[in-house]
Amino acid sequence: MKKPALFYGYVIVAACFGIQATGIGTHVAFGIFMKPLLADFDWPRAILAGAHSLAFVLSGFLGIFVGRLNDRLGPRVVMASTAFSFGLGLFLMSKVNAVWQLYLFYGVIVGMGMSSVDVIALSTTARWFERRRGTMSGIVKVGTGAGQLFIPFAASVLIAAYGWRISFMIISVFAMLMLAGTGQLLRRDPSQKGLLPDGDRPDETRAIDAPEKGFSLNEALRMRQFWTICFANLSVVFCLMSIMLHIAPHAMDIGHSAKAAAAVLSTIGGASMIGRLSIGFAADRAGNRACMIFCLAVLISSFLWLQVAKELWSLYLFAVVYGIGHGGFFTLISPLVAEHFGIRSHGVLFGLVAFAGTVGGAMGPILAGHLFDITGTYESAFWTCAAFSAAGLGLLVSLKRRRPF
């Protein structure tokens, strides 16, 4: 069989890059809308953080079912329906006037739309690549960094020019078209294109229609390794989502402009791109667990530095260090699940691990907002992030090598 000039797996990676950039970048940009919303409605920060967290945790819960559908049916129909929900929720945010609307439009409808962004992009990539799974997952997750780099900054420019309501309208149209369009390029696995992972050629020992290796859902649920990964993800994402929502308001609270705060958030996105790519590449050589431990050490160091970072240069330094650890950690979750449990049920297993992360990611921003409301600073919230990261580090250190499958 003649090998095609362009392996379709690279098209898959490019499409998943776009899905990550649009979905995660737009969700992170909610932090830029916080100050304008607070100015118009005078709600507590914990209320806004709660809507953001509801979207996050609902997306994780629904991601379990999205992963199951992706395992069985493939990604295109699922991406089209969730793209519509994502865009609709953002558009309705331009009409919000009450807390219940905030929670319905953003927390529920946007949350439903977000449910496919991580699970489909990373599970599909894991099926198309084996030897280069870490590197390709890193490239896909660079899309997250690209979205964090450009979309929050674009949101700040739009808000300054047109106000937050029209800005939500503009972003909703962009997000819906991007997610739906790129989703139609996806295929569940290489066999649907008559291919093998990594673009390999079929031979006597490896056929295109060979059964997928790995544990079933029921088998994985009985393994300690699975729950260790779940709780480690919960602990770390608790911290990461707290930072991503509250770092821009924190920068403004200590005297920096809205554009400077958006630039700090964008710097995290830019640095995370470096972390995602370099650590994904390293994971294919040094292993996922070792690289994850390195990422957590970097994150803990950044949280300690944030306690004393007041000047703008020190916030940028935090953003660079934190961004590398943040990007690397998110890159390695999907390959770690595939390494331990195979790809037979990767969609639903990764969906469960991601859901555990969204539970932590939902609690973290609410707690950080509540701690600010009662103390007037984020100091205790940042110490809490350091403690949760240390707990995640301990869990990953205890993670045993995978069983063969």
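Any read-out appearing in this document is the output of simple, stated calculations on the displayed coordinates, not a laboratory observation. From a predicted model like this one, the values you see are computed outputs, not experimental measurements. Cβ placement follows ideal geometry from the backbone for every residue including glycine, while neighbour counts extend to all protein chains displayed.
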Count of residues meeting criterion [surrounded by 22 or more Cβ atoms within 10 Å (Cβ to Cβ) and either assigned to a helix (DSSP H, G or I) or of a type in the set (Asp, Glu) (or both)] in the stretch 63-78: 5
Every residue from the stretch 57-77 that is among the polar types (S, T, N, Q) and within 15 Å of Pro190 (Cα to Cα): Asn70
Report every pair of residues separated by at least 6 positions or lying on different chains whose Cβ atoms are under 9 Å apart, first residue within the stretch 306-327 and over 24 Å from Gly147 (Cβ atoms), second among the acidic types (Asp, Glu). Gln307/Glu379
Subset of the stretch 110-142 (residues that are surrounded by fewer than 24 Cβ atoms within 10 Å (Cβ to Cβ) and of a type in the set (S, T, N, Q)): Thr135
Restrict the check to the stretch 4-11 and report whether at least one residue is touching a residue at least 12 places away in the same chain (Cβ under 8 Å), surrounded by 24 or more Cβ atoms within 10 Å (Cβ to Cβ) and among the β-branched types (Val, Ile, Thr). no
For the stretch 184-294, please list each of the helices (runs of 4 or more DSSP H) lying entirely inside it that holds at least 1 residues being aromatic (Phe, Trp, Tyr) and surrounded by fewer than 19 Cβ atoms within 10 Å (Cβ to Cβ). 224-253, 258-286
For the stretch 93-135, which residues satisfy the criterion of being of a type in the set (Phe, Trp, Tyr), farther than 30 Å from Lys193 by Cβ and in contact with a helix residue (DSSP H, G or I) (Cβ under 8 Å, 6 or more places away or on another chain)? Tyr103, Phe105, Tyr106
Those residues of the stretch 116-142 that are outside any helix (DSSP H, G or I) and more than 20 Å from Ala80 (Cα to Cα) come to a total of 4
Being among the hydrophobic types (A, V, I, L, M, F, W, C), assigned to a helix (DSSP H, G or I), crowded, with 24+ Cβ neighbours inside 10 Å and in contact (Cβ under 8 Å) with a residue 12 or more places away in the chain, is that true of even one residue in the stretch 34-42? no
Are any of the residues in the stretch 89-99 assigned to a helix (DSSP H, G or I), surrounded by fewer than 17 Cβ atoms within 10 Å (Cβ to Cβ) and free of Cβ contacts under 8 Å to residues at least 60 places away in the same chain? yes
Would you check which residues across the stretch 25-56 are more than 17 Å from Ser242 (Cβ to Cβ) and among the aliphatic types (A, V, I, L, M) and list them? Leu37, Leu38, Ala39
Looking only at the stretch 150-170, which residues are aliphatic (A, V, I, L, M) and buried (at least 24 other Cβ atoms within 10 Å of the Cβ)? Ile151, Ala155
Kindly check whether there is at least one residue in the stretch 369-384 that is crowded, with 24+ Cβ neighbours inside 10 Å, hydrophobic (A, V, I, L, M, F, W, C) and within 19 Å of the chain's Cα centre (by Cα). no
If you check Leu399, Leu393, Leu332, which single one turns out to be within 29 Å of Phe129 (Cβ to Cβ) and in contact with a His (Cβ under 9 Å, 6 or more places away or on another chain)? Leu399
Inside the stretch 220-251, can you point out the residues that are touching a residue at least 24 places away in the same chain (Cβ under 8 Å) and among the charged types (D, E, K, R)? Arg224
Do we have Gly145 as assigned to a helix (DSSP H, G or I), crowded, with 17+ Cβ neighbours inside 10 Å and touching a Pro at 6+ places or on another chain (Cβ under 7 Å) here? no
Given (1) touching a residue at least 24 places away in the same chain (Cβ under 8 Å); (2) farther than 30 Å from Gly50 by Cα, index of the condition Arg285 fails: (1)
